[in-house]
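Encoded as structure tokens, the structure appears first; notes follow it.
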Amino acid sequence: MKISHEVPLELLEWSKTTNDYEYILPYFYKRYPEYKEFYLQCKTEGRFSILDNGLFEGETYTTDDLLELIKSLNPDIFVVPDEWNDWSKTYEHAQEWIKLKDQLPTDTNLMVVLQGESFEEIRRLYKFSYNLGYRYFALNHSSSAYNKLFPHKNYLVSKMMGRIQTVHQM
């Protein structure tokens, strides 16, 4: 297990001493030259990196845009496009991206964010994606499934404990 936190531009160097890997958001990578330069430098230093697809930030990129980013950065892992709490659309994206694997740098692996409205949907997405050849998975930080797994009057407790239960049950 590796741990990383998103950091503001002012703390990019601090990230190297605090995080186990670099977590790259396309939104900032495309907009801030210093962000881009930092992550390109991290790659030359051999830092492990994960390139996200930008869903949570509300960004939408074409497949060509994402392929260009991947080829430019050569991340260790690319998080394939996903759909918030929607296992079937996320699976459709997983199917599309596994077909693009030969267009990626050979050392870039693909990751699926396990989306779903219930634990059963999350598990189904995991199983189907695993059968496609995926070996890297992430959990949505705020899935609606978590509230069902651990109902609590405090919404944040539901999210936290539901996510922990999901990890345990997986």
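The values are calculated or read from the model by the stated rules, or taken from the named source; none is laboratory data. Given the structure is predicted, the values throughout are model-derived calculations rather than measurements. Cβ placement follows ideal geometry from the backbone for every residue including glycine, while neighbour counts extend to all protein chains displayed. Heavy atoms of the whole protein, side chains included, go into the accessibility calculation; ligands, DNA and RNA do not. Shrake-Rupley method; radii C 1.70, N 1.55, O 1.52, S 1.80 Å.
If you check 137, 150 for being touching a Phe, Trp or Tyr at 6+ places or on another chain (Cβ under 8 Å) and of a type outside the set (S, T, N, Q), only one passes: 137. Can you tell me which residue in region 28-84 is nearest to residue 10 (Cα to Cα), limited to those that are among the polar types (S, T, N, Q) and open to solvent by 50 Å² or more (accessible area, probe 1.4 Å)? That would be 41. Here the condition is being out of contact with any Cys (no Cβ under 7 Å at 6 or more places or on another chain), hydroxyl-bearing (Ser, Thr, Tyr) and buried (at least 17 other Cβ atoms within 10 Å of the Cβ); of 129, 118, it holds for 129 alone. Every test in (1) in contact with an Asp or Glu (Cβ under 6 Å, 6 or more places away or on another chain); (2) open to solvent by 20 Å² or more (accessible area, probe 1.4 Å); (3) polar (S, T, N, Q) is passed by residue 165 save one, and that test is (1). For region 1-27, the set of residues classified as touching a residue at least 12 places away in the same chain (Cβ under 8 Å), of a type in the set (Val, Ile, Thr) and open to solvent by 80 Å² or more (accessible area, probe 1.4 Å) consists of 3 only.
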